Structures are given as C-alpha cells and as structure tokens.
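Worksheet: the structure to be examined is printed underneath.
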Amino acid sequence: MKVKIYPILSSLHTDFVSKTTADLLNELKDENIEIELVKDIPSLYLDANLSLILVQSGGSENLFLENFSKFKAPYYFLTYGSNNSLAASLEILAFLKKYNLDGEILHGNSSYLKSRINELVNKENYTVKSNNRLGVIGLPSDWLISSNVDYKLVQEKFDISLIDISIAEVEEEYFKIGDDFKIEEKFKSSFDNIELRKAYRFYLALSNIISKYKLYGFTIRCFDLLNKLKTTACLGLSLFNSKKIVATCEGDIPSLISMYIARKLLNLESFQANPSQIDLSNNQILLAHCTLPLNMCKTYKFDTHFESQIGLGIHGELDLDDVTIFRINSNLSKYFVTEGKIVKNLYKSNLCRTQILVDATNLNKLLTYPLGNHLIVIYKKHKDELEKYFASKNMTAVI
C-alpha cells in the first residue's frame, strides 16, 4: 500500500526538524507500507491509499489554514513528540471540528502508528475516493437493454464523471494515424499481419482519445467498428486493462464501474466475460470473452473475433487459481459476488476466444436475479472486501 505524506512546517524552524522527520519515517518502514514524502498538495492525493499531513512543528497552524481549500477530508495529521508538533495538530483539528469536519491525529509509538495506518488504509479503500473520468464511447450496444445508468447518480455514489464521446471521433483518430507506425515486437506473431496492424492502429487511436480527455478508463460500443473499420477493439481493451486503464466493450457502463472498483479498491486487473453455460448440478460456470488482459494469462495467442470472424481476439490460458466473480446493476442498488476456482481452460469454436470453467457457489442467483449479461472476474478471494465496500455504498446483494 502507498501512504503519501505532505509536511507542513513553520518558517521559524529549520534543519533540526528534518532529522526528526527522517527518524519518524524510518520507524514507519514496513513491508506492507510504502512511504512517499511529497512536495506539493495535489500529489498528496494522487494514487495514494492513504494521505497524511505531517505537522512538523508548532506555528504550522496558519500554514494549514492558508492551504485549507487544497486539502481533502478526512484530514489525518501525523505527529511526533517534539517541536510542538502535537500541540499544533490539536489546534488544527479543533478548528476542523468546529465546522464538523472529519479528522484524526495519529500520535504514538511506531507500533501503534503502523497499526493505525493499516486500519485507515482499509477504511479509506472502502470509499474508493477519486475524481476519475470514465469515457462512454458511443451508447451501450442495442442488446444491453438493462445497462443504461444515471450519470448524476454515478457521480454522487462513486465520485465518477462519465464523459460521452462519439464513435466518429475515435474513427477520425484511427484515420489520422495512417499506416506509418510500429507494433511492439512482442505482439508480432504468425497471426494475420494485416488484421494485427488494424487492431493495433485502433489501440493507438484509443490512446489518443484517452490522453485528450484525461480518462482513467472507458467503455466502447465496439460492434459499430466492424462495418466501417473492419476491425475490433479487443486487442486495445486487453492492453489498456493490462496497463491499469479500465476498459470494457459493448458500451457496458455497469461493467465498467465494476472493473473500476476492482482496480481502485483492490488494485487488480479484471476480465469482463459472458456467462456462457451454468451447470447447477456441478456448481460450475463457463465464462468466455475476447478481451482478456494479457497480464492475467500465462500464455495467449491471437485469433479472430468470435461473433464477426474478423479482426483480432485474445485466446488466453489462465492460471487454475481462486477467483472472485462479481458485478453491479445499472441503478447502482444491488450487486452479485461469489468466489470460486478456475478448473479448466477451454477453446470451443462456438464461444468467445478466452474460456474458463469455474467451480463457484450461488450460481443459481444468476438464473433468478441476473444483473446483466457480463460478469467481472478477478484473481483470488475478495468477497469480504467487496461486500464491505458495497455495504458502505448502501448496496445490497441479490437474493
């Protein structure tokens, strides 16, 4: 976990405080805690599991007040037992409490501080706080009749801004790139080079869109590409998810938000998959799709996209490991989550290219109260963390 610390210090104090701070940070070193001292307030909240304000001395109160609007609640103040660090922190927190703002002073020996930091990381992770922007490139596919969401509710519940982007704009980027580009050496294979170059070119076009709109992730109405560009988005989605940019196909916004949660809450890649077969007698589900992140599989090969038989899809072989399967519904009130284990990789000709057979529990709920036609797969058992997080959002499990 990454803990970022921003120090504030009265101008009356100089070098001797630096050694006190260095000693404190050294005491906090732990195999589970990565400490980073930052020089500006915006960096304090960027990709951090926990953000702390280090009050280095007395007289720091006005410095905090001058920058008050830049800090974000809850306010956590790290202190030590010298330089009037604790006294200054008490004054600052008293000011915040006067206005009913949430905060806490972290003070004590290194054992207590490390324990409390771990507790706060877990608490803060349940909020998945960020101002990240997610792109919606085209509307949800026509068959996703239960996947439209209320953008305002998404903003209020998850602090996510959904940005509408037209398919036409991505297509324009595709044609701007032209043919003069290089493909990473590792992707060159015996697969049809023309199809590979078209798929990679579309990946580059999407990269430009992500940069332009400063997106943390996106979903795309990908089937619209088949007629005009004669290619698919599968390779691009696979590569982006491998690079921590959440990406889903078919314009599926609930799946996008679900994968966003997996990344922000658990820092995990995830696989958006179709439930293709459910065997309740053996408690098994067959999941398949063409967009598996490459860093989730032990081996992979390129194939055509299943439905269209053109473009490029990913056939990946996953580790036979524990997994968690989950998703949310479109009105953000319910969720499904279960745990299981991948028992077999398959390669049937009548399904999307990556196929896994999973032993899992509670599969009957998918037949009595489904939340949509995609499920999200992540490695290892994370049901408890997800349930706590969803409970914090006043969401309930399907029954």
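The values are calculated or read from the model by the stated rules, or taken from the named source; none is laboratory data. Please read all numbers here as calculations on a predicted model, not as lab measurements. Every residue, glycine as well, gets a Cβ built from its backbone with ideal geometry; the counts of neighbours run over all protein chains shown. Heads up: the accessible areas ignore ligands, DNA and RNA and are worked out on the full protein's heavy atoms, side chains in. Shrake-Rupley method; radii C 1.70, N 1.55, O 1.52, S 1.80 Å.
Miscellaneous remarks
- Residue within region 344-357 that is in contact (Cβ under 8 Å) with a residue 24 or more places away in the chain, aliphatic (A, V, I, L, M), open to solvent by less than 10 Å² (accessible area, probe 1.4 Å) and touching a Phe, Trp or Tyr at 6+ places or on another chain (Cβ under 9 Å) present: yes
- Exactly one residue out of Asn208, Asn267, Asn241 is of a type in the set (S, T, N, Q) and in contact with a strand residue (DSSP E or B) (Cβ under 8 Å, 6 or more places away or on another chain): that is Asn241.
- Checking each residue in region 358-367 for being open to solvent by less than 40 Å² (accessible area, probe 1.4 Å) and of a type in the set (D, E, K, R) picks out no residue at all.
- In region 111-141, the residues that are closer than 16 Å to Ile245 by Cβ, open to solvent by less than 50 Å² (accessible area, probe 1.4 Å) and modelled with pLDDT of 85 or more: Leu134, Gly135, Val136, Ile137
- The residues of region 51-77 that are of a type in the set (A, V, I, L, M, F, W, C) and farther than 17 Å from Lys39 by Cβ, listed by number, are Leu65, Phe68, Ala73, Phe77.
- Where helices (runs of 4 or more DSSP H) fall wholly inside region 201-284, the ranges with 3 or more residues that are among the polar types (S, T, N, Q) are 234-242.
- Residue within region 189-203 that is without any contact (Cβ under 8 Å) to a residue 60 or more places away in the chain, open to solvent by less than 70 Å² (accessible area, probe 1.4 Å) and aliphatic (A, V, I, L, M) present: no
- Verdict on Ile378 being closer than 15 Å to Phe271 by Cα and touching a helix residue (DSSP H, G or I) at 6+ places or on another chain (Cβ under 7 Å): yes
- The residues of region 227-252 that are surrounded by 24 or more Cβ atoms within 10 Å (Cβ to Cβ) and within 15 Å of the chain's Cα centre (by Cα), listed by number, are Leu237, Ser238, Asn241, Val246, Ala247, Thr248.
- Filter pass, Ile183 being surrounded by 15 or more Cβ atoms within 10 Å (Cβ to Cβ) and over 19 Å from Gly313 (Cβ atoms): no
- Of the strands (runs of 3 or more DSSP E) lying entirely inside region 2-106, those carrying at least 1 residues that are touching a residue at least 40 places away in the same chain (Cβ under 8 Å), of a type in the set (Ser, Thr, Tyr) and buried (at least 19 other Cβ atoms within 10 Å of the Cβ) are 2-8, 50-55, 75-78.
- When Glu172 is tested against (1) under 25 Å from the mean Cα position of the chain (by Cα); (2) open to solvent by 70 Å² or more (accessible area, probe 1.4 Å), exactly one condition is not met: (1).
- Which listed residue is within 20 Å of the chain's Cα centre (by Cα), within 20 Å of Pro254 (Cβ to Cβ) and free of Cβ contacts under 8 Å to residues at least 60 places away in the same chain, from Val337, Val323: Val323
- Every residue from region 292-320 that is under 17 Å from the mean Cα position of the chain (by Cα), open to solvent by 10 Å² or more (accessible area, probe 1.4 Å) and of a type outside the set (A, V, I, L, M): Asn295
- Residue in region 368-385 that is open to solvent by 20 Å² or more (accessible area, probe 1.4 Å) and in a strand (DSSP E or B) present: yes
- Whichever residue in region 265-284 is under 14 Å from the mean Cα position of the chain (by Cα) and buried (at least 24 other Cβ atoms within 10 Å of the Cβ) and, among such residues, is farthest from Gly313 (Cα to Cα): Ser270
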